[in-house]
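Just below is one structure, and these are the notes that go with it.
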Amino acid sequence: MKLHRRLVYVLLLVFILVPMLFGLTFKVKPTKPVMTFFDSVAELSPGDYIAVTLSFDPSTKAELVPMLKALTEHVFAKGLSVIFLNPGSINVSDLGFSVISDIASKYGTIENSDWYYLGYVPGEKAVYQKLGEDLYSVYPASMHGVKLNSTKLYKDVRNMEDVKILIDLADGNSTVDLLTYLSTKYDVPMAAGVTAVMASEYYPYLESGQLKGLLGGLRGAAEYETLLNVSGRARRGMAAQTLAHILIMLLVLMGNIEYFMAKRKNG
Amino acid sequence: MKIGKAASILFLLLISFELKGASSGAGLEGMLYFFAFLILFILFRSPKIPSLKTREIAGIKALEEAIGRSTEMGKPILFISGTKPVPSVSAVAGMNVLGRIAKLAARYGTPIVSPHNNSITMMAATEEIKEGLRSSNNEELLQDCSIFYLTDSLFPYAAGINALTSKVRPGAIFYMGTFYAESLILTEHGQNTGAIQIAGTDSVAQIPFFITTCDYLLMGEELFAASAYIQNDEASLRSIFMLDLAKAATIAYILIKIFVVNL
Amino acid sequence: MKIMAPLLIVFIGGMLMAFQYYIDIPLLNNIYKGVLDWHMVIAVFALVIAVKSLIERQWKNFRQKTEHPVYPLTTLISFFTVVFLGIFFGLKQGSPVNFIYNNLLVPLQATIFSLLAFYISSAAYRAFRAKNFSSTVLLIAAMIVVMGRIPLGDLIATWTTISISGKDFAILDFPGWTRWILTVPNVGIKRAFIFGITLGIVSTSLKVILGIERGWLK
């Protein structure tokens, strides 16, 4: 088994590296949770406000940054006003801001006018609740210290009830907390993008209509890129993921053959 | 019945105020639910109700076997408290299981190693272990135990535990509490070292990983039931029955609602 | 009194916090805000205890001349270096701490996260075996979901699509089967877990509020 395990790891590394080195790509077909996510953003009118919470650690950026990029491209292209904030994770502040500001410069959108980056405040669940009551008691200023009462946002949005949709990009439990303390309590429509290992946990909320859409892992991001008709990192990463999945299936097959052979040998 | 009446009056008084989330109906339903629970809990404290028997929980029964095996091998045991700190409910339930583990460890004279990702949880665990050792008259064992803070960050915490597992080679590893993506990283590594592993978690998404890699698992509410089962007093045992009763009531409520909605 | 006082504080505090979640009374809301502020203050003290524990343990490990004294020494040097740089150069973008975070800590954390892929492959190899009826069902479901989540599954569905009286029908519809597994059996089981866990949480919380569960008094 010891030799087997090492061999498994080496094989997996090869199966991931080869498609990346050769730039292989696969087409992905968008699934319903991603399409409903996409539609709930696409149906908004220019100038409508949406909020995006970045609730992940940079360690999971491989899955969540492609989602953030695709989503930001979509909202800026549509001319929506966006409130970005990360009350669930202090560590994502710089990473999130640099990704968003890069895309903002591409679309010519202006910080503190077309979009706002509010950053981190401690308190998590307490903050989620307060966002439903008064945004400015939690965030009097943007992450870079611009007083929000001097911005257009202050006139248009009092609390999260005034945004058309709240989107959480998360690697932990923040989506459930936001659903409990903010979305359900204050009637804020919500959608989420989560890591693949967490995705199956959110299907009950999707089926109940509490989540308007769901992006699950790199595949979710790749589907969103397909709907946007862009070829980003997620679509490129799908080749490696596909081959890794095929390897896992082969391994399971081998494991079963080995098991049945051993069973026959032992009578 | 007096308590029931008082609670009903209080409930009516409270709903006369404006309810948060009233437009979705979630406020009223939530309040009703909370009050129903509260009244049942108070009523079930009555000594008139006969004592209840609970089935054995395999994971709890296996604690002794795991600690015994560790002792035979001359190895310490490792207790990992999850990533949600005390006073989260899963961590509190985990601490009750730790109390039981400490008692058994004291009986066998097996030291406990317990790294934590929150200092409050670390303090709670220290007290729980001390209490366990004291009740088994083996307080000296605390000198050999190692209860400490590692880090708050998820993956550094996982890396630290894996390094520790490789170093101390525990005979048994216990995971009790809430876990996220680090669960498989921890348990698969623990499996590789050959330790007997028992987990208890309320993290639904991580249950498949624990099932695959652990010898025993307290799934979801079993962790909370186990916590009450370990305490083994009348009130705690009644709370398990209460939990089942509430579940039956929830099922009935769902069925009625389905019927009403589709009528 | 020594036991009654904390039990009473927990009972009153617990009930107030539960009511404030549902009811909009300014007094309760203000109490809640105050409690949240206190929570943050206590969290800072928790950090002090954490730092003390970390330094004490690493120093002890180093002094005891364990097998690898370089590890506790690395931890201590890293800790004090980052604290020193943070205090004197700040945490803004481009600061030394920011540089260390982005170029050292983030890649290291991502490495640990990526181990998950390797562990999933070895765990799948070991665990998915058709030992009995239940494990065979699990194995088949897992294989369908794996196929349905990769583009190859989409391709196979397209290749095996036939037209029956004007309606397209895929013989090997992995994405469709995956959707069914995820939205029907998966959701049903997850909901059962969610109900059970939520009830468990409510019951444990009430046990603490009503003083039945007193483990925290130790």
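Look at B:Ser90 and say whether it is in contact with a Ser or Thr (Cβ under 8 Å, 6 or more places away or on another chain), surrounded by fewer than 21 Cβ atoms within 10 Å (Cβ to Cβ) and within 11 Å of another protein chain (Cβ to nearest Cβ). Judged against the criteria, B:Ser90 is not a match.
Could you please tell me which pairs satisfy a Cβ distance under 6 Å, a separation of 6+ or placement on different chains, a first residue in the stretch C:136-161 that is within 8 Å of chain A (Cβ to nearest Cβ), and a second residue that is assigned to a helix (DSSP H, G or I) and among the aromatic types (Phe, Trp, Tyr)? Filtered contacts from the stretch C:136-161: C:Met147/C:Phe174. Considering the stretch B:93-116, and only residues there that are more than 9 Å from every other protein chain (Cβ to nearest Cβ) and not in a helix (DSSP H, G or I), the residue that is farthest from B:Gly177 (Cα to Cα) turns out to be B:Gly109.
Being part of a helix (DSSP H, G or I) and of a type in the set (D, E, K, R) is the filter here, so list the residues in the stretch C:34-67 that pass it. Show your work before the answer.
The initial filter retains those residues of the stretch C:34-67 that are part of a helix (DSSP H, G or I), namely C:34-63.
Within the stretch C:34-67, C:Asp37, C:Lys52, C:Glu56, C:Arg57, C:Lys60, C:Arg63 qualify.
If the condition is being part of a helix (DSSP H, G or I), within 11 Å of another protein chain (Cβ to nearest Cβ) and of a type outside the set (Phe, Trp, Tyr), then the stretch A:66-100 contributes A:Ser93, A:Asp94, A:Leu95, A:Ser98.
Here C:Ile189 passes the criteria (1) out of contact with any Pro (no Cβ under 8 Å at 6 or more places or on another chain); (2) modelled with pLDDT of 90 or more; (3) among the β-branched types (Val, Ile, Thr); (4) buried (at least 20 other Cβ atoms within 10 Å of the Cβ) except the one numbered (4).
If only one of B:Ser119, B:Ser114 is among the polar types (S, T, N, Q), assigned by TED's automatic domain parsing to the domain that holds B:Ser166, out of contact with any Gly (no Cβ under 6 Å at 6 or more places or on another chain) and over 17 Å from B:Val168 (Cβ atoms), which one is it? Lay out the reasoning, then the answer.
Values: B:Ser114 fails: over 17 Å from B:Val168 (Cβ atoms).
The unique qualifying residue is B:Ser119.
For the condition closer than 27 Å to B:Phe179 by Cα and charged (D, E, K, R), what is the one hit in B:Lys247, B:Lys257?
On the way: B:Lys257 fails: closer than 27 Å to B:Phe179 by Cα.
Just one listed residue meets the conditions, B:Lys247.
Just one residue in the set B:Leu164, B:Leu150, B:Leu218 is touching a residue at least 12 places away in the same chain (Cβ under 8 Å), within 9 Å of chain C (Cβ to nearest Cβ) and under 29 Å from B:Lys75 (Cα atoms); that residue is B:Leu150. In summary, C:Lys131 fulfils each of the numbered conditions (1) touching a helix residue (DSSP H, G or I) at 6+ places or on another chain (Cβ under 6 Å); (2) of a type in the set (D, E, K, R); (3) within 28 Å of B:Gly190 (Cα to Cα) with the single exception of condition (1).
The values are calculated or read from the model by the stated rules, or taken from the named source; none is laboratory data. Remember, it's a predicted structure, so these values are computed and weren't measured experimentally. Glycine also receives a Cβ, built like all others from the backbone with ideal geometry; neighbour counts cover every protein chain displayed.
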